[in-house]
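The structure under discussion appears below in the form of structure tokens.
The values are calculated or read from the model by the stated rules, or taken from the named source; none is laboratory data. Bear in mind that the values here come from a model prediction, so they are computed numbers and not experimental data. Methodologically, a virtual Cβ is constructed for each residue, glycine included, from the backbone with ideal geometry; neighbour enumeration extends over all protein chains shown. SASA here: full protein model, heavy atoms, side chains in, ligands and nucleic acids out. Shrake-Rupley method; radii C 1.70, N 1.55, O 1.52, S 1.80 Å.
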Amino acid sequence: MLRYLPFLLVLALWIYAFIDCLNTPESQVRGLPKVVWVIVILLFGEVLLGPIAWLVAGKARYPAQGGGSTPSEWHRNHGANARGTWVAPDDNPEFLRSLKEEPASSQSVKDEALLKDWEADLRRREEQLRRQQRNPRGAAGTEGAEGTTNGPQGKGGPEDTTPPAKD
């Protein structure tokens, strides 16, 4: 298995350099035109000359932006002390103001109406169950508030509209 490792590393470097060259803007390419760099990477990739040449001389490299070349320098310059203390979203007045300023979308209005309908239906069904539990004999076969059948003949749901059976 280890004998394949050098081949896989060469292939990975080749692919990386090729994709990096394709994604680099023309303004950041140094030395040769971008098309020539792609050809150099493809032709000399097996012997690593093309990808290494691209990584060393082909692309203009800039130091990292943001106030430090190492993570510790960046944290020193951008830590909590440099920009104040962290505030939770529910304590941040700017965030709360932005929530109030957002217009309610039509989808959220529809969702709210649907939720209210479901809650009303749930309250109605719970009330029907309470009535049935208080009066188990009288509840069998009687009409509910919505005209649905409650009892052994029907399921008691809004979709069941069959009339009670007559003896």
Q) How many residues does the stretch 16-39 hold that are open to solvent by 90 Å² or more (accessible area, probe 1.4 Å) and within 35 Å of the chain's Cα centre (by Cα)? A) 4
(Q) What's the total number of residues in the stretch 35-83 that are touching a Phe, Trp or Tyr at 6+ places or on another chain (Cβ under 7 Å) and either modelled with pLDDT under 85 or assigned to a loop (DSSP other than H, G, I, E, B) (or both)? (A) 5
